[in-house]
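Shown next, in structure tokens, is the structure this report addresses.
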């Protein structure tokens with residue numbers, strides 16, 4: 001019998017730092033925000049409403065020490081779940097857009113990463129609806145920090161407002177710089193968004209659940225071993241799926257596409273990595289053996305040479 005996922009060292013590959021800010025920490029950062037207000041903000045009718053809450057939370061991060069506090073709390077929670085490796089997405093595009101000095105923010109985060117037993121790597125995220133010019137600024141600060149824990153470059157934001165095609169040159173430059181590539185795709189837009197992300201060189205797809213609507217695409221992802229980062233609680237909370245019962249995770253897995261489980265924005269979606277595994281077992285009938293394979297995928301498809309334990 002395979003060991004329980006609870007006992008196994010785990011990796012978390014789809015995790016946004018700014019989406020990990022618990023209501024209590026928001027109050028600590030900004031006394032004008034009550035815990036109750038924060039909890040109310042962490043409820044959404046749809047994906048645009050979630051984005052507004054995400055940006056609202058980010059506005060409470062005003063100094064490098066604020067980012068360090070959020071990271072410290074996050075790393076502590078990961079350690080308690082036996083997460084031994086984490087690729088944490090940093091909204092670098094938003095930091096630059098806000099006019100914050102990027103160097104001191106990352107210095108503070110790098111220092112916190114050096115204090116935790118969790119092996120931490122960073123993915124710098126650009127906002128697709130702001131265009132390729134802004135994304136290139138993110139690429140620049142990411143490339144400058146290769147060798148300091150930065151592993152990847154990604155595109156996020158509102159998928160409906162920014163197709164990835166115009167980012168082809170930026171992706172090529174990122175790849176030439178030595179950065180790994182990931183794209184949020186097929187979350188709120190159809191399978192064509194996933195196809196375009198793959199064409200641009202994405203090594204992993206954030207979410208990618210709409211690929212289930214295209215059997216040929218599923219076969220291509222399977223054959224090319226391009227994993228989907230499945231985030232069950234996130235997809236329900238943002239309305240990407242109407243309910244867990246309608247989530248295509250099982251169909252994607254049964255089609256042979258490699259998957260990993262992630263929390264996306266754990267505080268904002270009221271979840272943990274352990275809970276995501278619990279949902280996979282309870283709602284979709286995944287066995288301990290299958291879940292152990294998904295746990296192993298977290299290390300297999302990591303952008304750094306991560307090892308369990």
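Return the ratio Rg/(2.2 N^0.38 Å) for the chain, where Rg is computed over Cα atoms only.
With N residues counted in the chain, Rg over 2.2 N^0.38 Å equals 0.92.
So how compact is region 217-262: Cα radius of gyration and Dmax in angstrom?
Values for region 217-262 (Cα only, Rg and Dmax): 11.0, 31 Å.
Can you tell me the order of 245-255, 118-128 when each peptide is scored by its average per-residue count of other Cβ atoms within 10 angstrom, highest first?
118-128, 245-255
Applying 1/(1 + (r/R0)^6) with R0 = 45 Å to the Cβ-Cβ distance of residue 31 and residue 216, what FRET efficiency is obtained, to the nearest 0.05?
Efficiency computed from Cβ-Cβ geometry: 0.25.
If you count, for each residue, the other Cβ atoms within 10 Å and average over each peptide, how do 87-100, 156-169, 30-43, 283-296 line up from highest to lowest?
87-100, 156-169, 283-296, 30-43
Using the Kirkwood radius over C-alpha pairs as Rh, can you work out the diffusion coefficient of region 50-189 via Stokes-Einstein at 10 °C, viscosity 1.306 mPa s, in µm² per second?
Once the numbers are plugged in, D ends up at 102 µm²/s.
Taking the alpha-carbon centroid of each part, what is the distance from region 16-39 to region 257-309 in angstrom?
26 Å
So what's the projected area for region 140-196, the Cα convex hull averaged over all directions, in nm²? The partial results should precede the final answer.
Working: hull surface 16.2 nm².
For the Cα atoms of region 140-196, the hull's average projected area reads 4.0 nm².
None of the figures in this text is laboratory data; all of them are computed from the coordinates on show. These numbers come from a predicted model, not from an experiment. Every residue, glycine among them, receives a Cβ derived from its backbone with ideal geometry; neighbour counts consider all protein chains shown.
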